[in-house]
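Trainee: Dropping a structure here in structure tokens format, bear with me for questions.
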Amino acid sequence: MSQRIKKVVQNALKDDFEGVEDMLIVSVAGVDAITDGRIRASLQEKNMRLRVVKNRLASRVFRDLGMEVVADQLAGPSAVIWGGESIVDLAKEIAEFDKNNEAFKIRGGTTDGKGLSPTDVEVLSKIPGKDELIGLIAGQLIASGARVAGMVMSPGGQVAGQVQSLAEREEE
């Protein structure tokens, strides 16, 4: 590859990864074209991207961007995956592919400048995502509000019941 083409590729990689905080590195050795297409389509639906990279060029770009952690994870046929709502969403999606495809392997990644091992990615894939956490919190708030309303209404209901029983006695 000529120096001019290498420079163009490096600039394209810089444009893609500049400002990206969360990304995962995967091995794509042995992934066939049909599986690759399925993976890319599934990622695209969730606003995530996959880019197969040339390790030496990508390593230079990541070092220039201050992501040495990612540069050290590149070995063999590699792809970088980024995008989505959070690193948890990325981890969930990629862990599912890793589980269902022998050729697809997680190598690691980064979030907020910190390196992630394949085990870290697996752990992240099992925690609730942003939407799930919001749902849990909302459910707890609603349940708490219902309990408070029940406590407030309970004495009033007892008084109303006693008044009604007194009224019924008076009528008799």
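So that you can scan it fast, the table gives a plain yes or no per residue for (1) among the β-branched types (Val, Ile, Thr); (2) in contact with a His (Cβ under 7 Å, 6 or more places away or on another chain); (3) at pLDDT below 80:
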| site | (1), (2), (3) |
| --- | --- |
| ARG51 | no, no, no |
| ARG63 | no, no, no |
| MET67 | no, no, yes |
| TRP82 | no, no, no |
| ILE87 | yes, no, no |
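Trainee: Among the residues of region 32-40, is any in a strand (DSSP E or B) and within 23 Å of ILE127 (Cα to Cα)?
Mentor: Step one: of region 32-40, the residues in a strand (DSSP E or B) are none.
Checking region 32-40: not a single residue is in a strand (DSSP E or B) and within 23 Å of ILE127 (Cα to Cα).
Trainee: I'm trying to understand the selection: among the residues of region 1-31, which are of a type in the set (Val, Ile, Thr) and part of a helix (DSSP H, G or I)?
Mentor: Correct list: ILE5, VAL8, VAL9.
Trainee: Can you give me the number of residues within region 29-55 that are closer than 22 Å to LEU65 by Cβ, out of contact with any Ser or Thr (no Cβ under 7 Å at 6 or more places or on another chain) and surrounded by 14 or more Cβ atoms within 10 Å (Cβ to Cβ)?
Mentor: Number of matching residues: 6.
Trainee: What number of residues within region 106-137 satisfy the criterion of being touching a residue at least 24 places away in the same chain (Cβ under 8 Å), small (Gly, Ala, Ser) and in a helix (DSSP H, G or I)?
Mentor: Residues that pass the stated criteria total 1.
Trainee: Out of all the residues in region 40-98, which are in contact (Cβ under 8 Å) with a residue 24 or more places away in the chain and among the hydroxyl-bearing types (Ser, Thr, Tyr)?
Mentor: Residues satisfying the conditions are SER42, SER78, SER86.
Trainee: Do we have ILE25 as within 20 Å of the chain's Cα centre (by Cα) and either basic (Lys, Arg) or under 15 Å from THR110 (Cβ atoms) (or both) here?
Mentor: When the stated conditions are applied, ILE25 passes them.
The values are calculated or read from the model by the stated rules, or taken from the named source; none is laboratory data. Quantities reported herein were computed from a predicted structural model and do not represent experimental measurements. Every residue, glycine as well, gets a Cβ built from its backbone with ideal geometry; the counts of neighbours run over all protein chains shown.
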